[in-house]
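Scroll down for the structure; my scribbles are underneath it.
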Amino acid sequence: MTDAHNNDAHGGELAVVEPIPDPGLPEHQWRPTDVDPAQEKRAERQVAALFGLSALATIAFLVSYFTLDVGDDWTLIGNMGASTLALGFFLGLALMLIGVGIIHWARKLMADHEMVELRHPAKSSEEDREVAVQAINDGIAESGIGRRPLIRNSLLGAVGLLGLPAVVLLRDLGPLPGKKLYHTIWGSGTANAPMRIVRDGIWTPILASDLEIGDLVNCQPDALHNPERYDIDPTEVEGVNLQIHKSKASLILLRMNPGDIKPGKDAKGESRENWTVNGIVAYSKICTHVGCPISLNERTTHHLLCPCHQSTFDLADSGKVVFGPAGRPLPQLPIAVDDEGYLVAQSDFDEPVGPSFWERDYYER
Amino acid sequence: MSVDVSKVATTNGTTPATAKGGKAAGAIANWADERLGLGTAMKKNIRKVFPDHWSFMLGEIALWSFVVVLLTGVFLTLWFDPSMTEIQYDGAYDPLRGVHMSSAYASSLDISFDVRGGLLMRQMHHWGAMIFIASMMIHMLRVYLTGAFRKPRELNWIIGCLLLLLGTIEGFTGYSLPDDLLSGTGVRAADGFMKASPVVGSYMSFFLFGGEFPGDAIIPRFYAMHILLIPGLLLALVAAHMLLLVYHKHTQWPGPGRTEQNVVGYPMLPVYAAKAGGFFFIVFGTIAVMGGLFSINAVWKYGPYDPSKVTAGSQPDWYMGWPDGLLRIIPAWETHIWGITLSWNVMIPILVMPPLMLMILMALPFIESWITGDKREHHLLQRPRNAPTRTAIMVALMTFYGLSWAAGGNDIIAIKLHLSINQITYFMRGAVFIGPVIAFIITRRWCISLQRHDEGKLLHGYETGVLVRSPEGGYAEKHLPLPQGQAYTLTARDDDPTPETVEEIDASGATGRTARLRKLRAKLATVFFADNVQKPTAEELHDAQHHAEHELHELESQIAAGPNRHGPADH
């Protein structure tokens with residue numbers, strides 16, 4: 001430890017002899033307002049005028065508040081409405097004029113003598129330190145905490161254990177993940193009613209012949225709109241549940257030349273040849289990087305690009321990553337057509353959709 | 001200290017204001033002091049001296065914008081409903097009427113379109129938050145680049161770093177609250193970040209969201225953090241930051257009469273209180289004007305959050321931009337082994353880099369003082385050029401930050417500049433490593449050349465702009481010595497210490513780890529100070545002055561003899 005003003009071997013010293021002596025504080029210069037009463041009066045009037053203008057701006061604020069209605073004309077000027085515009089402008093003006101007035105007052109009329117104050121080292125004096133250390137030692141000695149390890153250790157143990165309630169109490173923040181991340185509502189189709197693929201937003205089923213080569217459709221499972229058809233309780237697809245299902249089940253359909261598709265392998269190592277219908281492929285819309293919905297289609301290359309972090313997936317080649325930070329291919333949904341010719345899911349995805357997590361597995365396509 | 005106020009504007013009173021307000025004020029003061037003993041505390045602080053410099057105002061902007069954000073935030077809580085219950089919107093904004101959305105989003109729309117001044121307060125809150133974080137960053141740069149973080153202020157530096165961290169988290173939890181499509185996309189990414197955490201990722205996600213993403217718990221939970229937990233911590237740390245500032249007294253720039261042992265400036269009452277208080281109104285007013293005139297986070301344009309939708313160009317608020325940029329440019333690194341997944345592509349940019357940067361920031365004062373061995377108190381500021389390696393370190397960090405941030409806008413850059421997004425990304429992958437190194441080298445050399453320039457001014461005087469031609473036809477510029485005050489200010493700095501040599505360490509008898517550490521330190525110190533220009537000694541100055549006088553004399557006789565003798569008007 002070295003003293004604050006000590007000569008340290010590497011630190012040099014503070015009070016070196018300066019090559020140029022300190023000329024000392026320059027002499028104080030009187031301002032015009034200090035010596036000329038006319039200037040002084042003028043500055044006084046300026047300050048009062050600034051405050052007066054501020055009061056006018058405040059009145060303008062109040063008038064705007066009561067005369068302009070925020071909801072009526074929200075399209076005006078940058079979609080903010082006349083009310084917001086006027087309130088902000090006059091409030092800002094009222095505040096700024098007070099600020100400028102006060103600073104003008106300080107600069108022109110308040111004494112402008114620089115004062116000198118001496119610094120003190122941040123540390124306490126040696127005497128204070130000694131007294132403080134003595135006081136602490138006395139206190140510790142009188143408590144007997146050093147001499148009574150039984151009390152000390154049992155107290156430490158008891159207090160330490162109290163950390164557990166603090167942690168345990170947080171347990172009900174949420175349920176355990178279980179296998180929830182491994183399933184989507186696409187798996188809820190039945191033998192009589194396989195899960196239909198419907199257009200997102202208008203909820204109409206899709207005939208394979210509806211799509212031209214190059215068409216891309218954003219889709220959802222029919223169960224989100226027609227739960228009864230799949231024997232699903234309607235509350236299961238309402239409100240927050242609907243949001244949860246959408247965050248996993250959102251789907252992209254893309255039709256391409258069947259010859260372009262390179263069928264990969266599924267989780268069991270078998271070919272995905274039968275996962276498509278006439279060149280129509282279905283992939284999860286949820287990016288495997290951090291979960292954004294993927295939405296940008298490069299029509300000529302069957303590449304799909306995530307707008308958040310630009311991961312790019314090749315939908316002709318098992319959804320493999322061709323660019324960007326995503327570490328896993330997009331999960332593919334095996335599709336077929338039902339008796340009425342509508343596109344349906346053969347089954348659920350054979351892997352979790354969305355961002356990677358620790359306990360999930362991986363397989364080569 | 002007594003002050004000559006003989007000529008101070010009479011409206012101010014020739015005698016300082018005594019408790020002239022009459023008996024009532026005196027009686028109240030007496031009542032309060034008998035119970036609180038305020039007199040003793042005020043005696044020392046009412047006329048406390050604060051030095052003046054424009055750069056000391058940056059922290060003030062942060063403080064005042066924080067106050068504005070607190071005030072506008074309280075206003076917003078009166079209407080905002082932090083609930084994810086689905087309702088049908090029935091407010092004043094036509095395009096979304098009838099749409100199903102969360103109560104949080106609907107109440108954000110109500111604040112914007114049904115409450116007079118509501119949109120103003122929302123926009124002031126958002127602008128204020130941005131100014132808060134931006135001014136904290138710039139204030140931090142000022143403190144670092146001028147050496148104000150040195151002993152005894154290292155702990156205040158750490159408090160400042162924590163304030164920046166908390167401000168950032170406060171910003172994220174805040175802009176996530178309206179539950180619009182853009183903020184929901186940000187929360188979705190945050191869910192991905194948590195899931196990428198080793199071992200406990202999916203558990204963390206389920207606990208935070210109260211089940212599967214998005215659930216209906218995240219908005220109320222963020223709300224509790226945003227209006228209670230984090231502001232409480234921020235307030236406590238701001239208070240500690242200010243108390244330490246008062247205790248240490250403010251740093252000051254060197255100059256005539258300004259030394260390590262004193263502080264020169266204006267008293268708290270009245271000048272500093274008036275300037276700082278007036279400045280509060282100016283910051284408040286500026287934010288109000290911005291809130292009124294500049295649209296920010298127009299949540300009604302994005303629509304309610306829907307996990308199946310996203311807009312192109314989705315970006316977080318700017319202060320989250322740099323980790324987002326790293327997230328964009330990191331290669332697709334994931335390890336799949338033994339049935340588990342390690343998402344380096346998320347962990348490195350999000351879970352490792354931001355905490356690492358924060359730790360580097362917090363450690364900077366300690367690293368520097370360890371290398372330089374400087375354990376003294378410092379109250380005089382240094383110009384950035386006089387600590388070239390320090391300045392270069394910060395500029396390298398800023399370059400890393402800036403490039404990462406730019407990478408976070410790679411899609412926008414690609415569109416605006418008609419470039420390939422792939423090529424921008426590949427470029428950035430290299431640039432975040434090479435850029436800081438180049439910036440370090442350039443900054444360091446730049447600082448040293450500025451030091452040389454200062455040395456030149458001290459030794460050879462300043463350039464007068466007067467050119468003279470000698471009889472031989474050569475041209476020379478007339479230099480004149482600097483005024484003493486300026487010359488003193490330029491020399492009012494420490495000489496860099498001389499690092500230990502290996503021989504000295506060996507001779508001191510140090511062995512093993514200690515010796516190795518000391519040798520490492522000596523080597524680092526040598527690199528740290530290498531090529532720095534030390535201020536001239538008194539002798540050098542004297543010689544230079546002598547030389548200059550001689551030269552000036554010669555120059556003048558040349559002028560007298562040369563073609564300039566009739567003055568420029570003849571030509």
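Read the figures in this text as sums done on the coordinates, not as results from a lab. Since the model is a prediction, treat every value here as computed from it, not as a measurement. Note: ideal-geometry Cβ built from the backbone for every residue, glycine included; neighbour counts use all protein chains shown.
Worth a mention:
- Applying the criteria of a DSSP loop state and at most 16 other Cβ atoms within 10 Å to the chymotrypsin sites (Phe, Trp or Tyr not before Pro) of segment B:299-375 yields B:333, B:338.
- Each part reduced to its alpha carbon centroid, segment A:84-124 and segment B:409-473 end up 36 Å apart.
- Chain A: relative contact order as a whole-number percent, Cα under 8 Å and 6+ apart: 12
- Vicinal HN-Hα couplings computed from phi for segment B:474-479 (Karplus, 6.51 cos²θ - 1.76 cosθ + 1.60; Hz; Gly/Pro x): x, 9, 8, 9, 7, 10
- Rh by Kirkwood over Cα pairs, then Stokes-Einstein D for segment A:128-172 at 1.306 mPa s and 10 °C, µm²/s: 123
- Summarising the amide proton neighbourhood of residue A:337: residues at separation of 5 or more, or on other chains, whose placed amide H is nearer than 5 Å comprise A:344.
- Dipole of the protein assembly as shown, positive direction: furthest Cα of B:37, A:53, B:303, with charges on the beta-carbon: B:37
- Taking B:161, B:447, A:306, A:287 and counting other C-beta atoms within 10 Å, the order from fewest to most: B:161, B:447, A:306, A:287
- Segment B:85-95 - phi-based ³J(HN,Hα) in whole Hz, Karplus 6.51/-1.76/1.60, Gly and Pro as x: 4, 7, 9, 9, 6, 9, x, 7, 8, 3, x
- Relative packing of B:68-76, B:518-526, A:122-130, which averages over residues the other C-beta atoms within 10 Å, highest first: B:68-76, B:518-526, A:122-130
- Lysines with Cα under 29 Å of residue B:457, excluding same-chain neighbours fewer than 8 positions away: B:478, B:535
- Averaged over peptide A:21-33, the number of partner chain Cβ atoms lying within 10 Å of each residue's Cβ comes to 4.
- Here's how it looks for residue B:462: its modeled amide H is under 5 Å from those of B:480, B:482, which are all 5 or more places away or on a different chain.
- Here's how it looks for residue A:322: its modeled amide H is under 5 Å from those of A:312, A:313, A:314, which are all 5 or more places away or on a different chain.
- Inter-part distance where segment B:209-231 and segment B:522-552 are each reduced to a Cα centre, Å: 60
- Compactness of segment B:316-387 as Cα Rg over 2.2 N^0.38 Å, two decimals: 1.69
- Those GluC sites (Glu not before Pro) in segment A:164-242 that DSSP places in a loop and that have at most 12 other beta carbons within 10 Å: A:212
- Counting only aspartates and glutamates at least 8 places from residue B:275 when in the same chain, those with an alpha carbon closer than 17 Å to its own are A:44, A:112, A:114, B:52, B:60.
- Using alpha-carbon coordinates, inclination of helix B:154-176 to the longest axis of chain B, degrees: 30
- Chain B, helix-only ellipticity at 222 nm - DSSP H runs n ≥ 4, -39,500 (n - 2.57), divided by all residues, nearest 500: -19500 deg cm²/dmol
- Taking B:36, B:342, B:119 and counting other C-beta atoms within 10 Å, the order from fewest to most: B:36, B:342, B:119
- Counted over the protein assembly as shown with a bin width of 20 Å, the fraction of Cα pairs per bin, in whole percents, is 11, 33, 33, 18, 5, 0.
- Length-normalised contact order for chain B - Cα pairs under 8 Å, 6+ apart - percent: 15
- This model, with +1 at the C-beta of Lys and Arg and -1 at the C-beta of Asp and Glu, gives the protein assembly as shown a dipole about its Cα centre of some 1160 debye.
- Listed values for segment B:135-144 are Karplus-derived 3J(HN,Hα) couplings in whole Hz (6.51 cos²θ - 1.76 cosθ + 1.60, θ = phi - 60°), namely 6, 4, 5, 5, 4, 5, 4, 4, 4, 6, and x replaces Gly and Pro.
- Lysine pairs in segment A:239-351 whose alpha-carbon atoms fall under 25 angstrom of each other, counting only those eight or more residues apart or on distinct chains, come to 13.
- Partner chain coverage, peptide B:42-48 - average Cβ within 10 angstrom: 1
- If R0 equals 35 Å, the separation of the Cβ atoms of residue B:90 and residue A:207 corresponds to a calculated FRET efficiency of about 0.40.
- For peptide A:325-337, the mean count of partner chain Cβ atoms within 10 Å of a residue's Cβ comes to 3.
- Aspartates and glutamates whose Cα lies under 16 Å from that of residue A:179, excluding same-chain neighbours fewer than 8 positions away: A:348, A:350, A:351, A:359, A:361, B:212
- Charging the Cβ of each Asp and Glu at -1 and of each Lys and Arg at +1, and nothing else, the dipole of chain B about its Cα centre rounds to 920 debye.
- With each label modelled as a point 7 angstrom along the Cα→C-beta vector, the residue A:119-residue B:29 pair spans 3.2 nm.
- Measuring nothing but alpha carbons in segment A:180-345 and taking Rh as the Kirkwood radius, the Rg to Rh ratio lands at 0.94.
- Taking 18 Å as the limit for the C-alpha separation, the pairs B:195/B:309; A:123/B:375; A:108/B:44 exceed it in the case of B:195/B:309; A:108/B:44.
- Legend: calculated FRET efficiency, residue B:340 to residue A:176, from the Cβ-Cβ distance at R0 = 25 Å, rounded to 0.05, equals 0.90.
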